Amino acid sequence: MMVCPYDDERLLLILQLDHSRITGWLAAHWGNAELARPSPYPAMVLAAQEHDTGWWDWEIKPQPNDEGRPADYIGSIRHLGLDVWLAFYRHGITRLAEQDAYAGYIVSLHAEALLTQGKERACSRTCPTTRSIRRFANSSANRSPTARS
């Protein structure tokens, strides 16, 4: 979940699931005379809508961070551990790929990009990412649907 200060005493909590749904609505309405629609449209809209749904299992029972607050998505690898973080994404990708293989592939690319392009921010220097990320990137759930045949 995204944890944002609302005021001096309260927090605004935005579930990753809600963030995914809004992203899906935006993708469904994307495109005009100057910007192309996502293509293939159904798979890309579904991927946008479902890209963070693997977080649901944790978000319905969040564990507080060291400060006693809900853990924010930013920094969640440090708080939860890389293997737990990867399990959320694997679960969501596997479930999505059962509906639409291409949408699952697109979400796997999203997760891989978060890990590889943002790993310095997402993970402390002592986080053993290389082997786990490589396994994640090479897993069958993350291969292009055309590469599976």
Query raised in the report: So which of Ser149, Ser140, Ser144 ends up being of a type in the set (Ser, Thr, Tyr), modelled with pLDDT under 80 and either open to solvent by less than 40 Å² (accessible area, probe 1.4 Å) or in contact with a Leu (Cβ under 7 Å, 6 or more places away or on another chain) (or both)?
Result: Ser144
Query - In region 60-77, residue farthest from the chain's Cα centre (by Cα) [restricted to those that are surrounded by 14 or more Cβ atoms within 10 Å (Cβ to Cβ) and closer than 19 Å to Pro5 by Cβ] - result: Asn65
Report summary line: Ser108 vs (1) of a type outside the set (A, V, I, L, M); (2) at pLDDT 80 or above; (3) more than 17 Å from the chain's Cα centre (by Cα); (4) part of a helix (DSSP H, G or I): all pass except (3)
Query - Total residues in region 1-33, condition within 22 Å of Ile106 (Cα to Cα), of a type in the set (A, V, I, L, M, F, W, C) and buried (at least 17 other Cβ atoms within 10 Å of the Cβ) - result: 5
Query raised in the report: Yes or no: Gly68 over 22 Å from Arg135 (Cβ atoms) and out of contact with any helix residue (DSSP H, G or I) (no Cβ under 7 Å at 6 or more places or on another chain)?
Result: yes
**Report entry** Residue ID - farthest from Ala28 (Cα to Cα), chosen from residues in region 88-120 that are without any contact (Cβ under 8 Å) to a residue 12 or more places away in the chain and open to solvent by less than 40 Å² (accessible area, probe 1.4 Å)
**Finding:** Gly118
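Assess whether Ala36 counts as being hydrophobic (A, V, I, L, M, F, W, C) and either open to solvent by less than 30 Å² (accessible area, probe 1.4 Å) or in contact with a strand residue (DSSP E or B) (Cβ under 7 Å, 6 or more places away or on another chain) (or both). Outline the logic, then answer.
Working: hydrophobic (A, V, I, L, M, F, W, C): yes; either open to solvent by less than 30 Å² (accessible area, probe 1.4 Å) or in contact with a strand residue (DSSP E or B) (Cβ under 7 Å, 6 or more places away or on another chain) (or both): no.
Taking the combined requirement at face value, the residue does not satisfy it.
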Report summary line: Here the residues within region 6-39 that are outside any helix (DSSP H, G or I), within 20 Å of the chain's Cα centre (by Cα) and in contact (Cβ under 8 Å) with a residue 40 or more places away in the chain are Leu13, Leu15
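Could you tell me whether region 41-59 includes any residue that is part of a loop (DSSP other than H, G, I, E, B), open to solvent by 50 Å² or more (accessible area, probe 1.4 Å) and of a type outside the set (Asp, Glu)?
Initially, region 41-59 is screened for residues part of a loop (DSSP other than H, G, I, E, B), giving 51-52.
Cutting the leftovers down to open to solvent by 50 Å² or more (accessible area, probe 1.4 Å) gives us none.
No: zero hits.
If you go through region 1-29, how many residues are hydrophobic (A, V, I, L, M, F, W, C) and modelled with pLDDT of 95 or more? If you could, list the steps in order and put the result at the bottom.
First, pick out the residues of region 1-29 that are hydrophobic (A, V, I, L, M, F, W, C): 1-4, 11-15, 17, 22, 25-28.
Okay, now just the ones that are also modelled with pLDDT of 95 or more, so 22, 25-28.
Residues meeting the conditions: 5.
The values are calculated or read from the model by the stated rules, or taken from the named source; none is laboratory data. All of these numbers come straight from a predicted model, not from anything done at the bench. Note that each Cβ is placed from the backbone with ideal geometry, even for glycine, and that neighbours are counted across all protein chains shown. Ligands, DNA and RNA are excluded from the accessible area calculation, which covers all protein heavy atoms including side chains. Shrake-Rupley method; radii C 1.70, N 1.55, O 1.52, S 1.80 Å.
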